[in-house]
1. Sorting check: for 221-234, 77-90, which peptide has the highest mean count of neighbouring beta carbons within 10 Å, and how do the rest follow?
2. Which value, in Å² rounded to 10, gives the accessible area of Ser64 with a 1.4 Å probe and all protein chains present?
3. For a quick check of understanding: with a 1.4 angstrom probe and all protein chains in place, what accessible area in square angstrom does Lys251 have, to the nearest ten?
4. Taking only pairs that are 8 or more places apart or on different chains, how many Lys pairs in region 169-279 have Cα atoms under 28 angstrom apart?
5. Over region 195-279, what is the mean sequence separation of C-alpha contacts under 8 Å (at least six apart), divided by residue count, expressed as relative contact order in percent?
6. What ranking do 185-195, 112-122, 236-246 get when scored by the average of other Cβ atoms within 10 Å per residue, highest first?
7. Keeping every protein chain in place, order Arg111, Arg136 by accessible area at 1.4 Å, biggest value first, i.e. largest first.
8. Name the long-range amide H neighbours of Ala247: under 5 Å, sequence gap of 5 or more, or other chain; modelled H, no Pro or chain starts.
Amino acid sequence: MTRRYVALRAYGCAAASLFFMAGMAGCTADGTAKGGATGRTPATSPAPSTGAPSASATAPSAVSLVPELDESKQPRTAAEARDLLARILITEEAFGPDVVRGTPFESSSGRWPVLDERCVWQTADLPPDVLATNTRYFLIPAGNGHGRVRLNATVTVHHDRAESGWETARAMEEVLRCPDQKLREGEDLQGLLGNAVYQGEQMNNWSEDAFSEMGKYVSDTDGGPHTYFWYQAQFGPVTVAITGKGAEGFKTETLTQLVVQGNSHMLAQAKKALGKAAG
């Protein structure tokens, strides 16, 4: 899949242990990284380390958890894509009892975030390759010795898997181009590192393509710097992503678990909706 990874031949794996679902590895055996080739849904809140050149690695004897795509089930229209979104997007129950809905709960339809040349996120009309996209906002209220934690869940539906693959590639390109990003006034990401792996590489047996991003989140409202995670996975024409923004006193491993849990749930829903039935 050289269409996405050529741009990262000189990018090393400073994010060696990026969470990736249970057993996911962030680097190849020799400590190097894989990656890809702008626009995706950034980790905005609702409105009112480097290494050697990359080398290939394949998970030994990994049993694939990716079913065969049933192309007849792929959405052909925006209306069909919105229906699919509704079946994949999670609610707060997917995270557990401590997570509640944010206000607002969902993003505005028909808009698409774009990272401009100044590394500032803007919104624009949906690009031609996106049939539908939506983001839901969640939080864990401050309490029990920690500040407010934010979680975002995003699903994007393209016409086909080639377009969703390019979305993953552009996400990686954004990290390379803009390790520091402004989400909005008074809300920033700092020191971002990313890692992308295709199915069969670096123990990835759960997704056709996967991308993770980590760094620090700083906010006039929430303080910081706090831990920041972004995890995105692809199945067919769909990408699913969870963002986690930590808080003072909130354990990084707990935030990681929530991000993985939410992403795993949505990816399973996408496979159920679009995969060929077993047997």
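The values are calculated or read from the model by the stated rules, or taken from the named source; none is laboratory data. On a predicted model such as this, the values are computed, not experimentally measured, just so you know. Cβ sites come from the backbone with ideal geometry, for glycine too, and all protein chains shown count toward neighbours. Keep in mind that these areas ignore ligands, DNA and RNA; they rest on the heavy atoms of the full protein, side chains included. Shrake-Rupley method; radii C 1.70, N 1.55, O 1.52, S 1.80 Å.
1. Details: 221-234: 21.5, 77-90: 16.8.
Highest to lowest by the protection proxy: 221-234, 77-90.
2. Its accessible surface works out to 60 Å², give or take rounding.
3. Spelled out: Lys251, probe radius 1.4 Å, area about 130 Å².
4. Values: Lys182/Lys216; Lys182/Lys245; Lys182/Lys251; Lys216/Lys245; Lys216/Lys251; Lys245/Lys271.
Count of close lysine pairs: 6.
5. Details: 135 pairs, mean separation 17.2, N = 85.
After rounding, I find 20 percent.
6. Numbers: 185-195: 19.0, 112-122: 15.4, 236-246: 28.0.
Top to bottom by mean Cβ count within 10 Å: 236-246, 185-195, 112-122.
7. Details: Arg111 95, Arg136 35 Å².
I get Arg111, Arg136, largest accessible area first.
8. Answer set, sorted by chain and number: Thr227.
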